[in-house]
1. Can you give me the distance in nm between label points at residue 300 and residue 132, each placed 7 Å from the Cα along the Cα-to-Cβ direction?
2. Given R₀ = 35 Å, what would the calculated FRET efficiency be for residue 25 paired with residue 102, taking r from the Cβ atoms and rounding to 0.05?
3. How long is the gain from residue 261 to residue 187 if the chain were fully straight, where each residue apart is worth 0.36 nm and the alpha carbon distance is subtracted?
4. Mind pulling up the Rg/Rh value for the stretch 31-136? Radius of gyration and Kirkwood radius, both on Cα.
5. For the chain, give the share of DSSP beta bridges that are antiparallel, in percent and rounded to the nearest 5; count only bridges with both residues there.
6. State the extension gain, in nm to one decimal, for the chain segment bounded by residue 225 and residue 275, taking 0.36 nm per residue of separation less the distance between their alpha-carbons.
7. Starting from the Cα-Cα distance between residue 211 and residue 125, subtract it from 0.36 nm times their residue separation and give me the gain in nm to one decimal.
8. Using only Cα atoms, tell me the angle between helix 383-398 and the longest principal axis of the chain; keep it within 0 to 90° and round to the nearest 10.
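Rule-based calculations on the coordinates, nothing more; no lab input. This is a predicted model, so every value here is computed, not measured. All Cβ positions, even for glycine, are placed from backbone atoms using ideal geometry, and neighbour counts span all protein chains on display.
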Amino acid sequence: MRDFSQAVVIGAGVSGLLAARVLSERFSSVLLLERDRLTGKDHRAGIPQSHHLHALSARGGELVEELFPGFRDELSDAGAPTFDFGAQVAVRFADGWASRPQTGLIVQSFTRSLFESSLRERVLALPGVALADGCAVLGLRADERAVTGVVFRDADGERTLPAGLVVDASGRSSHLAEWLEQAGFGRPREAVLNVGVGYASRLYDNPSDVWPEWTGLAEFLQAPDVRRGGFVSRVEGGRMLLTLQGIEDSKPPHDEEAFAEYLRKLRVPVADLVARMSPASSIRRYSRTENRRLACHRLRRWPDGLIAVGDAVCMFNPVYGQGLTVSAFEATDLREFLRECPPRGIPIGATRRFQRVLARRTRWPWLLATSSDWGWQRHRAPLPIRAGLSYLRRLMRVMPHDDVVYQQFLRVLHMVDPPTTLGRPSIVLRVLRHRSGKAARNALLSEQPLAGAEH
């Protein structure tokens with residue numbers, strides 16, 4: 001039995017902050033150890049993807065609001081737009097523009113720095129929660145059966161900190177696999193799928209305050225032909241954040257002239273819009289976009305006193321926008337797990353069972369992300385993946401022409417419904433009945449509503 005005296009959370013990013021929120025309900029003390037020095041709303045080295053567009057999906061927003069009532073209003077007061085994704089995001093597929101229906105899928109777009117700093121402020125206001133930044137965790141303190149604390153280094157040197165529970169939420173830079181192996185628990189198997197997607201983002205001021213009639217714009221990559229795309233959205237401060245994406249030799253560049261040329265070659269009307277705005281940042285690139293999953297739930301000996309969450313155990317290509325919502329789901333799972341523990345503490349073997357819960361939680365997001373990315377692989381995929389990919393490609397070609405299919409896809413994208421709903425007989429029938437001959441006409445006609453529609 002591990003008592004509820006002190007919990008240590010490695011990493012004060014979104015996953016760590018959400019974990020600290022629910023840990024504070026049971027533990028007397030919760031300490032967040034963060035490697036970076038945290039200075040207000042500034043971007044930080046430990047979150048290199050923070051310069052790129054972020055949004056909280058419909059379901060993710062609901063979950064965060066349950067944990068932090070009023071949080072959505074706080075972001076709105078700070079200037080983060082809140083809108084219906086279906087009605088206010090213009091989405092361009094390979095075969096044309098999707099319709100713009102009211103869906104009830106309410107989302108917010110913002111900079112990562114605003115979201116994370118606002119979340120951190122709320123968490124640190126909780127009783128018993130503290131943060132120590134500038135602390136690099138070096139490893140786990142463990143005996144034969146359990147993790148009993150962490151070893152870390154700060155300005156005062158190397159130290160050991162005991163804990164009743166350690167939560168690894170250190171994200172993409174986690175050393176969890178090495179730490180487990182060093183502590184004698186073995187190394188979990190790792191699955192990696194990297195298709196070579198790269199990003200380049202820039203923040204813009206809009207001096208004219210004249211905006212398109214949409215709040216967001218998206219063009220998805222679609223194998224094998226659509227090799228470049230991007231996302232645009234209004235964010236706080238009356239600014240616009242542009243994130244370009246491309247695959248392999250079509251990755252977006254970072255020098256000014258090539259960046260402008262890349263914009264002009266997109267099929268979405270971004271270049272003219274950007275030309276009327278003023279850059280508010282340099283061009284920021286990011287290429288660590290692999291899907292990676294550690295099979296912690298299959299490790300023969302998982303230690304008591306340790307839980308791993310977020311990107312430390314399962315990370316996705318950021319293009320699918322699942323990370324923030326998965327972290328919120330995991331926090332609610334952790335809350336339920338702790339509520340089921342007896343008052344004296346966490347029973348022996350319970351953390352191993354919880355890792356299996358998290359594995360089930362990440363299974364569908366993992367399959368959704370990797371199934372799409374498999375389309376870019378040059379080697380032959382396993383038969384089940386080929387079958388799923390074939391259906392996904394047909395689905396993507398139908399969505400510009402079928403509102404029912406498109407709206408169901410959006411519900412899956414926003415994690416309101418599971419991906420299995422796209423395999424319902426009524427949806428499958430609509431996909432199979434679609435005739436691709438309408439695609440060219442749709443692509444031409446649907447350019448018209450976007451052109452010059454500004455206020």
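1. 3.5 nm
2. On the way: r = 37 Å, r/R0 = 1.05.
After rounding, the FRET efficiency stands at 0.45.
3. 22.0 nm
4. Numbers: Rg = 16.5 Å, Rh = 15.7 Å.
Looking at the stretch 31-136, the ratio lands at 1.05.
5. Given both bridge residues lie in the chain, the antiparallel proportion sits at roughly 70 percent.
6. Values: separation 50, 0.36 × 50 = 18.00 nm, distance 2.71 nm.
So the chain would gain 15.3 nm between residue 225 and residue 275.
7. 27.2 nm
8. Result, in degrees: 50.
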